[in-house]
Structure formats: C-alpha cells, structure tokens
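Reading through the structure tokens given below for one structure.
The values are calculated or read from the model by the stated rules, or taken from the named source; none is laboratory data. Note that the coordinates shown come from a computational prediction; the quantities given were computed from them, not determined experimentally. Here Cβ is always computed from backbone atoms with ideal geometry, including for glycine, and neighbour counts include all displayed protein chains. When the accessible area is computed, the model is the full protein with side chains, heavy atoms only, and any ligands, DNA or RNA have been set aside. Shrake-Rupley method; radii C 1.70, N 1.55, O 1.52, S 1.80 Å.
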Amino acid sequence: MQILDFLNYEFTRRALIAGSFVALVCSILGVLLVLRRFSLIGDGLAHVTFGSVAIGLFLKQHPVYVSIPIVMLSSLGILKLTERARLYGDAAIGIVSSLGIAGGVLMASIAGGFNVDLFSYLFGSILAISKAEVFTSAVLSVAVLLIIFFLYNELFSTTFDEEFAKVSGINTKKINSLLVLLTGITVVLAMRVVGILLVTALLILPAVTALQIARSFRGTMAVSSVIGTGSVLIGTYLSFAMNLSTGATIVMINFIFFMAALLYRNAF
Amino acid sequence: MKILSVEGLSFRYNSAEVLSDVSFSVNVGDYIGLVGPNGSGKTTLIKIIFGLIKPQKGSIFLFGANSWNFKDWYRVGYLPQRTLFNPYFPATVKEIVSLGLFSKKESEVINKSKETMIDKAMRLMDVLDIKNKLIGELSGGQQQRVLVARAIVNEPELLILDEPTTALDPEVRENFFHILREFNQDKNVTIILVTHDIGSIGKYASRLLYLDKKVIFYGSFEEFCLSENMTDYFGEFGQHLICHRHD
C-alpha cells in the first residue's frame, strides 16, 4: 500500500496525529523517568489505568476521562508511599499496581464482564480513536510539553542532583509531584496508542535508545522525541499495510531502533 | 560583619547525639577550615545550614536572615560531599556548570551574560577544554572540578565546600587550595571548607573550626598550635604532627 493511500483515510490521519503527540510527550518524560530510575512507574500506573478503565466502563462513562483523575491520584500515592512509608520506589509501584489490577478484575466480575471493551484498552486501538480523543490527546500533550519547557531547568537540576537543586532554591518536592502527575496523564493518553500492557515501552524505549547515542541532555531529549514519534508513525503505517496489531508493531519498531543504537554505540 | 551565625545548634539522629549546642559565627572575608574526625557532625552541620535537615534546637542566620526564611540562595555556593549521580547521565560539562546559575537572579544573569559566566567558571577550574564532554567520561578529579565550577559560577559571596579535595591528586589539590585563596583574598568571597585534613588546610585558612559533636576549637592555625587545650585534647605528639607537617 502506498503512503498516500494510507493518508487518504480520516481514521489513519487521526491515529497519526494523536499518536505523534502522545509519543512526543512519552519520549521526553521517559528521559526524566529513566534517569531517575523511576521508569517502572509507567508500568504501575498502566495497571491502575486497567482498574480505572473498568470503573469507567462499569459507570458507562468514557474510560479516558474517568482514568485521568484516578491515575493522577495514584501517581501521587506512589510518591507519598516512597516518602512516608520508607519504601523503595519499586515496592511502592508494586503496591499501587496490584491494587489497580485487583480493582479492575473486581469491577469486571461485578459487571458480569465487559471483556471486549476492556481488551481494546489492554492492547490499544489507535486506529479506532475518535475526533474528541484526538482533541483531548493534543490539548493535554501540548499542556504537558509546555510545563516541561517552562520548568526545564528545574527538572534537569532535580534529575541530576536533587540535593544541589534544593539548595539552589528549587522546590524539589513540588517538582517530583509534578513529574509523577504528568506521567499519570501521559500513561492514560498512551493507553489508546499502544494499550495498557505496552505503555511502559513507549516511555522507556525511546529514552534508552537516545541514551546510547546522544551527547548532551538536550540532545537526549531531542533524539528520544525523534525515535518515539518516528516509531509511532512507521509502526502505525506498517501495521495498517501488513494487517498487524498497531500497538505491538510500534513497540517492535522502537525495539529495532534501540538495537540499532546499541550496535552503533558499540561499533564507534 | 557577620555572614553566618550558628546559635545553640543541637541535632540528634534517633538516640545518637550528632551535634550538641554548637555556636559560632563567620565574618565576611573569612576562610574557615571546618575540621574534625569522621562522624564528628561536619556534614550534618552543613546540611542544617542549607536547610536540608531540620535541627531539634538552635538557629542559623545567613546574611542576617533566619535560614528558614532565607531566599537569596544565589549568594551561597555549595559543593556537596559526594554527588551521587548516574555515571551514564547524558549531560555535558557545560550543561552541568550552567545548573549553578539557576539560583542567580535572572536580571543579574542577563546583565553579565550567562555564557560569559559559565566560560569564566570553567576556565578557572580548568575544564573549559572539555566543556562538551559527558560528565560520565571524566576522571574523578575532573568531575570534582566540574562540580566546583557549578558551585562558583553564580559568583557567590559565601562558598561552602564539603570535602572538595578527596578525589584530587596532591598537585591538583594544592592548585585548588591556591584558587580558593585567590577567591578569598582578591574577590572577598567567604569560604567554609570542610576537611578532615587539618595540616593541609591550616596553611590557607584564616581560622580553624574543630568540631567533634561540639565546638572544640575556633581560632587561627597558630593559636591552634599554641593552645594548651589542644595539647590536652590531641596529646603533645598529635598536636606536633598536625602543626609541623609542612616543616
């Protein structure tokens, strides 16, 4: 199939627009999360999203709109558990993550099963994305990007050396809360692109690929953005042309980029 | 004029006493060597000064303001004891040094030109040639010099360095002490340098503050060497070793 034919369909154009925005946000946030060794928060929050999607379907409300506040609260919960309960981040993520899955399964069993709908969220359905969802994704992605742009120095300083950031007058507690809240929003948006089960890949893979080849912090964010967005564009086209699952194809393209970067780094 | 006052400071961690009724003051232009054995509370004291730890008792005044209300952090430069950063962190020397400018008032940075200030700090610490290298690609000594450049880039009035010379080889260490003395004498920067090496800092500091959970001694190196209290504390042989190391 020719690319121009592919672009003739409105639903493919919608998929590319929403996917690009979400991939851009995931790639940039991913760099901050990976460098702070907090990358599995995406996985934990994706599991919470499973529970909140189940709640949305049970209440017959749009799962994305129900999920955003629930996942944002859960992201703060993970942070508070790490700070207050003297837990390492991975244990806190494990608690919130299993709570999300258990909640989702309970909701599904109470409702007598809404398996087909729930499955579309588990594995993503970017080609079925609606106009309203494209609009929501674009607006929220731009908001997240603007926040990162205006707080770039605070985020960079806190990521590199939190103690020094504090004595520079940066409120690192607020910055940490903001980072997990933005991650929460992004995970919900990414759920439609690659599905709940593969959200982590969209956060981690572009970032770790960029870390292999970039030569500065700004450069890492730029390379990660190009890899993340490129993977969504290529993956969406290939999945459509070859009749494959879109989410899985996007993740595989991301992985190929990662392997290529690894080989390049070892070769030079 | 006092730049820092510590009054009746006490800190306990669980049941262990770390600092007990510590009081001293630092004047503008002082070069203080904060010395003491391992576990004597030096780093805890510095962290309390910067508001990173809250003491159970006592007050700290920075530039006349209570440290809890102090906002002008651009006036203070800081080098932490051990900066534990990810060795694969993808930041260049220049990017890291520029982080020190964050606390500076925006108007002052614009007036002086951010680039000029960063270049000046890198040149002083001899890291200008490696400004585009990643921090993880540098040796321990080079990394330490980059972090010192980050501490001085905002041209602070008070510079507090916690064990800055541990990763430096002897030649670089001497050079480093010289640079600090120039800062102190030519630019009137007040310096507090934490070390456990009294002999080395004694040559450069205007005053020594010997801490061992409480203030044991506060005065010049010469006074330290003549102090009978210090003879009692270290023993005659111990005091002689410290004071005549460079003879």
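Tabulated data
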{"quantity": "For B:R12: the one exception among (1) modelled with pLDDT under 90; (2) open to solvent by 40 Å² or more (accessible area, probe 1.4 Å)", "calculated": "(1)"}
{"quantity": "Counted residues, the range A:172-200 - those being free of Cβ contacts under 8 Å to residues at least 12 places away in the same chain and within 14 Å of chain B (Cβ to nearest Cβ)", "calculated": "1"}
{"quantity": "Number of positions in the range A:84-108 that are of a type outside the set (V, I, T), under 21 Å from A:V34 (Cβ atoms) and in a helix (DSSP H, G or I)", "calculated": "6"}
{"quantity": "Qualifying residue in the range A:201-213 (condition: touching a residue at least 24 places away in the same chain (Cβ under 8 Å), over 24 Å from B:G77 (Cβ atoms), within 9 Å of another protein chain (Cβ to nearest Cβ) and open to solvent by 10 Å² or more (accessible area, probe 1.4 Å))", "calculated": "yes"}
{"quantity": "Failed item in (1) farther than 13 Å from A:G184 by Cβ; (2) touching a residue at least 40 places away in the same chain (Cβ under 8 Å); (3) away from chain B (no Cβ under 14 Å); (4) surrounded by fewer than 21 Cβ atoms within 10 Å (Cβ to Cβ), with A:Y121 passing the rest", "calculated": "(4)"}
{"quantity": "Wholly enclosed strands (runs of 3 or more DSSP E) of the range B:139-247 bearing at least 3 residues of a type in the set (A, V, I, L, M, F, W, C) and touching a residue at least 40 places away in the same chain (Cβ under 8 Å)", "calculated": "B:158-162, B:190-195, B:207-212"}
{"quantity": "Residue within the range B:64-73 that is more than 9 Å from every other protein chain (Cβ to nearest Cβ), over 20 Å from the mean Cα position of the chain (by Cα) and touching a residue at least 24 places away in the same chain (Cβ under 8 Å) present", "calculated": "no"}
{"quantity": "Within the range B:111-137, tally of residues that are within 14 Å of another protein chain (Cβ to nearest Cβ), over 19 Å from A:G219 (Cα atoms) and surrounded by fewer than 16 Cβ atoms within 10 Å (Cβ to Cβ)", "calculated": "1"}
{"quantity": "Criterion violated by B:E163 - all others in (1) in contact with a Ser or Thr (Cβ under 9 Å, 6 or more places away or on another chain); (2) farther than 20 Å from B:K42 by Cα satisfied", "calculated": "(2)"}
{"quantity": "Check on A:I78, within 19 Å of A:K174 (Cα to Cα) and either open to solvent by less than 70 Å² (accessible area, probe 1.4 Å) or not in a helix (DSSP H, G or I) (or both)", "calculated": "yes"}
{"quantity": "Residue within the range B:74-82 that is within 14 Å of another protein chain (Cβ to nearest Cβ) and either more than 28 Å from B:M122 (Cβ to Cβ) or in a helix (DSSP H, G or I) (or both) present", "calculated": "yes"}
{"quantity": "Residue check, B:N229 within 24 Å of B:S10 (Cβ to Cβ), among the polar types (S, T, N, Q) and open to solvent by 50 Å² or more (accessible area, probe 1.4 Å)", "calculated": "yes"}
{"quantity": "Failed condition for A:L262, given (1) away from chain B (no Cβ under 14 Å); (2) assigned to a helix (DSSP H, G or I); (3) not small (G, A, S)", "calculated": "(1)"}
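Residues are listed down the side, and each one gets a yes or a no for (1) open to solvent by less than 20 Å² (accessible area, probe 1.4 Å); (2) at pLDDT below 90:
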{"site": "B:D21", "(1), (2)": "no, no"}
{"site": "B:N38", "(1), (2)": "no, yes"}
{"site": "B:I46", "(1), (2)": "yes, no"}
{"site": "B:S59", "(1), (2)": "no, no"}
{"site": "B:F70", "(1), (2)": "yes, yes"}
{"site": "B:K94", "(1), (2)": "no, no"}
{"site": "B:L99", "(1), (2)": "yes, no"}
